[in-house]
Each structure stands twice: as C-alpha cells, then as structure tokens.
1. Using a simple spin-label model with points 7 Å from Cα along the Cα→Cβ vector, what separation in nm is obtained for R111 and D55?
2. For a quick protection proxy, order the peptides 74-87, 18-31 by their average other-Cβ count within 10 Å, most packed first.
3. Mind checking the per residue accessible area of the stretch 38-113 for me, 1.4 Å probe, whole number of Å²?
4. Provide the packing ranking of 53-62, 38-47, i.e. peptides ordered by the mean count of other C-beta atoms within 10 Å per residue, highest first.
5. Provide the gained length on full extension for the span Q47 to S104, in nm with one decimal, where the gain is 0.36 nm per separating residue minus the Cα-Cα distance.
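The values are calculated or read from the model by the stated rules, or taken from the named source; none is laboratory data. Owing to the predicted nature of the structure, the values given are computational and were not obtained by experimental measurement. Glycine also receives a Cβ, built like all others from the backbone with ideal geometry; neighbour counts cover every protein chain displayed. Just the protein is used for accessible areas: all its heavy atoms, side chains included, with ligands, DNA and RNA removed. Shrake-Rupley method; radii C 1.70, N 1.55, O 1.52, S 1.80 Å.
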Amino acid sequence: YFSCNDDSPSVNQAPTISPVPDKVTVMNKQVPPFEITVSDPDTEISQVSLSAVSDDQILLPDSNIEIDGTGNNRLTIILPARDEIGSTVIEVKADDGQATSMQSFSLTVDRAPSTWQQKTSGTPNDLN
C-alpha cells in the first residue's frame with residue numbers, strides 16, 4: 001500500500017491590478033473619479049489593500065490620493081496640489097498580506113486655458 005499526501009503549503013498568488021489609463025487634468029482641478037480594478041485568485045478580495053504613491057510630492061502629495069472600497073472596483077480620487085503643473089508617475093500597490101503587485105500610470109497637470117478674451121466692438125465709440 002502506498003499513500004501520497006501533499007501537505008506542502010500552497011503558493012499564494014499575488015493580486016492583480018488592471019491597467020490604469022494615464023490621466024490628464026488642468027491646474028486646480030481634481031481628476032474625475034475613476035475605478036481601479038483589483039482581483040486575487042486565492043484571497044478574499046476585501047482582504048486585499050490598495051495604496052498609491054506619487055513620484056512628485058510637490059505636484060501630487062500621497063495624501064491627495066484616495067482609494068476607497070473593499071470590492072473588486074475601488075473608487076479613486078486624485079487632487080493635485082494647488083497652483084502646480086507638471087507630470088508624475090503614480091504607483092498603485094495591491095497587497096493581500098502575503099504577496100504584492102504593482103501597476104503604474106502617469107498624471108499630467110496642465111495650465112488651465114485662459115478665460116480672458118479681448119473684447120472688441122465692431123465700431124469705435126462715438127464721443128459726439
């Protein structure tokens with residue numbers, strides 16, 4: 001009689017983060033809220049944490065990146081610093097307590113288009 005019991009621990013698979021498209025906004029405007037999708041084949045999804053860091057803390061402090069939710073789709077809100085323009089890379093990390101994965105995307109903050117328009121009338125004012 002021969003018996004084979006495989007009591008070796010199973011290997012935990014890392015969570016996955018769907019690709020996040022690059023984001024563009026204008027100075028002093030929040031990026032429209034968007035979802036980041038995360039999955040994990042062997043960990044309850046509510047146990048997977050998401051966090052994000054910015055490469056440029058002046059343009060986008062980490063404290064201005066908010067990720068909410070515990071399901072597969074996590075609502076993400078990004079608010080660049082006031083009066084700043086430029087680009088940064090944001091790295092999102094998924095952690096299931098045993099393994100991690102990362103996904104990066106860029107944020108570009110442009111100057112707001114000028115709302116000033118020179119107004120001219122078709123004829124000069126007559127002072128007489």
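1. Each label point lies 7 Å from its Cα, and together they span 2.4 nm.
2. Details: 74-87: 16.1, 18-31: 13.5.
Order by mean packing, descending: 74-87, 18-31.
3. Details: 4010 Å² over 76 residues.
I get 53 Å² per residue for this part.
4. Values: 53-62: 16.1, 38-47: 14.6.
Put in order of decreasing packing, that is 53-62, 38-47.
5. On the way: separation 57, 0.36 × 57 = 20.52 nm, distance 2.14 nm.
Between Q47 and S104, full extension yields an extra 18.4 nm.
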